[in-house]
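Trainee: This is the structure I want to talk about, given as C-alpha cells.
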Amino acid sequence: MSRADRGTIFLEAGTVLSHLAYDAEQFVLRLAAPKCAAHARPGSFAHLTCDAAIPMRRPLSIMRADAQAGWIEILYKVVGPGLHALAARKAGDTISVLGPIGQPFRVSPERPRTLLIGGGVGIPPMVFLAETLKADARYKPLVLMGSEVPFPFRTRPSSILVGGVPEGSIACMPLLEEWRVPSRLASKSDFPGCFPGFVTELADHWLSSLAPAHLREVEIFACGPTPMLKATAALARRHGVKAQVSLEEFMACAVGGCAGCTVEVKTPAGPAMKRVCVDGPVFDAEAVFG
C-alpha cells in the first residue's frame with residue numbers, strides 16, 4: 001500500500017442490515033460499517049469477503065454512505081461464485097469490509113452543470129455523487145442511466161422537466177426524484193419511458209441542446225463498462241467538455257500492493273502505469289482513452 005493511503009483504509013466487521021433482491025440477479029446490500037461510512041466519498045469502493053470459504057475479496061462500488069448512521073449501501077449484480085455466495089447473506093450476518101478505497105470524483109464550482117452517466121453496475125457511484133451534489137446549491141446535476149436488464153428499482157415518469165431530452169424519454173429513478181435531482185433512463189430493451197438507445201446517445205442529445213456558454217459549464221462523470229466509458233470520452237472530446245471516468249478492473253489485493261490492476265495513463269511526463277485501486281478508480285477520461 002502506498003504511503004498516501006495509510007490510515008485512510010479501514011478493516012472492520014460489517015453487519016448486514018438489509019439485503020434486497022431485484023430482477024436479473026441484482027442486489028442492494030446495506031452494511032453497518034461505521035469507519036468506512038465516515039470516510040467514503042463518491043467513487044470509493046469497498047473490498048468485501050463474500051464467504052469464509054472464498055478467500056478472494058470482491059471490489060464493489062459504494063452507492064450510498066451515511067456517516068451519522070454508520071452504514072454503507074452497495075448495488076451489485078451476481079457474476080461468478082463469489083457474488084453468488086454474497087447474495088445468500090442475510091440480515092444479521094457479518095461480512096469483513098475493507099474500505100473505503102480509491103480516489104473519488106473531483107467536482108469544480110467552475111463547471112456546475114454536472115452530467116452523471118452510469119451504465120449497469122456503474123450506476124452506484126452516480127447515485128452517491130448525486131446525493132453529495134444535491135446538498136450544494138452551486139451544482140445542477142443531471143443523472144443519465146443505462147441498462148439492458150431491468151433497472152434495480154421501480155421506474156416511474158419524472159415530474160422534473162429536462163430540456164434537450166427526446167420526447168417520450170420520461171422514466172426516472174424514484175430516489176433521485178425524491179431528492180429533486182433530474183434523471184432519465186436509457187435502454188435498448190424497450191422498457192417503458194426509457195430512451196431507446198445507448199445512454200451516451202441520450203447524453204449527446206442533451207449536450208447538443210446547450211448554448212455555448214452553458215456547455216462551458218459542463219463536466220461529465222461516468223462509470224460503467226469500458227465501451228461506454230470510451231464512448232463517453234469521445235463524446236466529451238466532441239463537445240469540448242471535461243470528463244472523469246471510474247474504471248472497472250479485476251483486483252486481487254485492492255490496496256496497491258500487487259499491481260495487478262494497472263492501466264496505462266497519459267501524464268505530463270509521458271505514459272505511466274497506474275493502479276486502478278488506489279491511483280484510481282477515477283481518472284481523467286482523456287488520460288485513459290485519449
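Trainee: What is the pair-distance distribution P(r) of segment 59-172, computed from all Cα-Cα distances in 10 Å bins starting at 0, with each bin given as a whole percent?
Mentor: Percent of pairs per bin, in order: 10, 37, 35, 15, 3.
Trainee: If I stretch the segment between GLU177 and ARG138 completely, what's the gain in nm (0.36 nm per residue apart, minus their alpha carbon distance), one decimal?
Mentor: 12.2 nm
Trainee: What FRET efficiency do you get for THR226 and HIS84 if R0 is 25 Å and r is their Cβ-Cβ distance, rounded to the nearest 0.05? Present the calculation step by step, with values, prior to reporting the outcome.
Mentor: Values: r = 24 Å, r/R0 = 0.94.
My answer for the efficiency is 0.60.
Trainee: If you wrap a convex hull around the alpha carbons of segment 142-269, what volume per residue comes out, as a whole number of Å³? Intermediate values should be presented prior to the final figure.
Mentor: Details: hull volume 18.7 nm³, N = 128.
Roughly 146 Å³ of hull volume per residue.
Trainee: Let me ask something additional. Assuming 0.36 nm per residue, please report the length gained on full extension of the stretch SER108 to VAL149 beyond their Cα-Cα distance. Mind dumping the intermediate values first?
Mentor: Working: separation 41, 0.36 × 41 = 14.76 nm, distance 3.32 nm.
Fully extending the segment from SER108 to VAL149 adds 11.4 nm.
Trainee: Right, here's the next one. Could you compute how fast segment 3-101 diffuses translationally, taking Rh as the Kirkwood radius over C-alpha pairs and applying Stokes-Einstein at 37 °C with viscosity 0.692 mPa s? Give it in µm² per second. Can you show the working numbers first?
Mentor: Details: Rh = 13.3 Å.
Answer from the Stokes-Einstein relation: 247 µm²/s.
Trainee: Continuing with the same structure: Above 30 angstrom, tally the Cα pairs of the chain and express them as a % of all pairs, no decimals. The partial results should precede the final answer.
Mentor: Values: 11706 of 41905 pairs.
Tail of the P(r) past 30 Å holds 28 percent of the pairs.
Trainee: Something else now. Under the rule of -39500 (n - 2.57) per DSSP H run of 4 or more residues, summed and divided by the residues of the chain, what mean residue ellipticity at 222 nm is obtained, to the nearest 500 deg cm²/dmol? Walk me through the intermediate numbers first.
Mentor: Numbers: 8 runs with 62 residues, N = 290.
After summing the helix terms and dividing by the residues of the chain, the value is -5500 deg cm²/dmol.
Trainee: Next up: How many nm separate the modelled label positions at ILE54 and SER159, each set 7 Å beyond the Cα in the direction of the Cβ?
Mentor: Each label point is offset 7 Å from its Cα along the Cβ direction, giving 4.1 nm.
Trainee: I've got another one for you. In the structure shown, do any of LYS35/LYS90; LYS242/LYS274; LYS90/LYS134; LYS35/LYS140 have a Cα-Cα gap over 24 Å, and if so which? Intermediate results must be reported in sequence, preceding the final value.
Mentor: Values: LYS35/LYS90 21 Å; LYS242/LYS274 20 Å; LYS90/LYS134 32 Å; LYS35/LYS140 30 Å.
Where the Cα-Cα span goes over 24 Å, the pairs concerned are LYS90/LYS134; LYS35/LYS140.
Trainee: By the scheme Lys and Arg +1, Asp and Glu -1, what is the net charge of all other residues having a beta-carbon under 11 Å from that of VAL143? Don't skip to the answer; put the middle values down first.
Mentor: On the way: positive: LYS134, ARG184; negative: GLU131, GLU177.
Value of the local net charge: 0.
Trainee: Can you tell me the relative contact order of the chain? Whole percent, Cα pairs under 8 Å, sequence separation 6 or more.
Mentor: Computed value for the chain: 17 percent relative contact order.
Trainee: Taking square-rooted eigenvalues a ≥ b ≥ c of the alpha carbon gyration tensor, is segment 163-230 rounded, prolate or oblate, where a/c under 1.5 means rounded and, failing that, a/b exceeding b/c means prolate? Could you put the intermediate results ahead of the total?
Mentor: On the way: a/c = 1.43, a/b = 1.20, b/c = 1.19.
It is rounded, given that a/c, with a ≥ b ≥ c, falls under 1.5.
Trainee: Note down the net charge around LEU116, summing +1 for each Lys or Arg and -1 for each Asp or Glu among other residues with Cβ under 12 Å from its Cβ.
Mentor: +2
Trainee: Okay, moving on. Suppose we keep just the DSSP beta bridges with both residues in the chain; what percent of those would be antiparallel, to 5?
Mentor: On the way: 42 of 64 bridges.
The antiparallel fraction comes to roughly 65 percent.
Values quoted throughout were computed directly from the atomic coordinates according to the rules given, and no laboratory measurement underlies them. This structure is a prediction, so every number in the text was calculated from the model and none was measured. Glycine also receives a Cβ, built like all others from the backbone with ideal geometry; neighbour counts cover every protein chain displayed.
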